[in-house]
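The values are calculated or read from the model by the stated rules, or taken from the named source; none is laboratory data. Quick caveat: nothing in here was measured; it's all calculated off a predicted structure. Every residue, glycine among them, receives a Cβ derived from its backbone with ideal geometry; neighbour counts consider all protein chains shown. Ligands, DNA and RNA are excluded from the accessible area calculation, which covers all protein heavy atoms including side chains. Shrake-Rupley method; radii C 1.70, N 1.55, O 1.52, S 1.80 Å.
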Amino acid sequence: MKHPSITEDGSAPLKLDTKQSNGERLLATFNQIRDELTSTLWFILGNKDDAQDIAQDAFLRCWKKQDALPDVINLKAWIFKVAINAAKDLRKSAWKRKTRTMPEEDVMMQKSTTTSLDLLEENEMLVQLRTALMDLRPEEKEVFLLRQNAEMTYEQIAEAANRPLGTIKTQMRSALQKLKVALS
């Protein structure tokens, strides 16, 4: 039986109490990553309400499989994988194929700055980044967000997306090139 002490990429996992039950561990981890997960799903789905629904659906799917938690090495990556699969299921459903546009509300959290000029520049950069992210192909956006927000390795992303590792790396490289051009 594997215990989540170190993730596959060598980083430390989220803070977990080993005395917690599977359900308590799942709930604590989910609460720690909820904002990141919802933000990632929002960019993938293009709709805040759908992102929140899928996050809840992902939690329920994970809850039903909590007996498998002792074998999970990276709980955060596992939750993201379940959520991405749920998002794909939603995108495939016939009556939800047409995505709604994102409102102007902030999707990314902003850190506080000291001057209004800094804040203005940061807001402008965030708008450019959001626009550039929305212009990426769905596969590129998914790979970029899973790597940046979920901190998943390329191998974990390949497994979650059910695509070859080389394809994932190519999609990430393409996403980074497009974002670099858009932000320069």
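By per-residue mean of other Cβ atoms within 10 Å, what is the highest-first order of 119-125, 165-171, 43-49?
Listed from highest to lowest mean packing, they are 43-49, 165-171, 119-125.
For T131 paired with Q52, estimate the spin-label separation in nm (one decimal), with each label point 7 Å from Cα along the Cα-to-Cβ line.
The answer from the label model is 2.8 nm.
Could you check how much of the accessible area of the stretch 22-98 is carbon and sulfur, as a whole percent, using a 1.4 Å probe?
The C+S portion of the solvent-accessible surface of the stretch 22-98 is 51 percent.
Hey, which of these cross-link pairs are over 20 Å Cα-Cα: K48/K88; K48/K92; K81/K178; K141/K178?
The answer is K81/K178.
Take N31, project a point 7 Å from its Cα along the Cβ direction, then tell me which residues of the stretch 58-95 have their backbone nitrogen under 19 Å from it.
Residues 58-64, 66, 75-77, 79-80 fall inside that zone.
What is the distance, in nm, between label points placed 7 Å from the Cα along the Cα-to-Cβ direction at L60 and at Q20?
2.2 nm
Order these peptides, 139-147, 66-74, by their mean beta-carbon neighbour count within 10 angstrom, highest first.
Ranked from most to least packed, the peptides come out as 139-147, 66-74.
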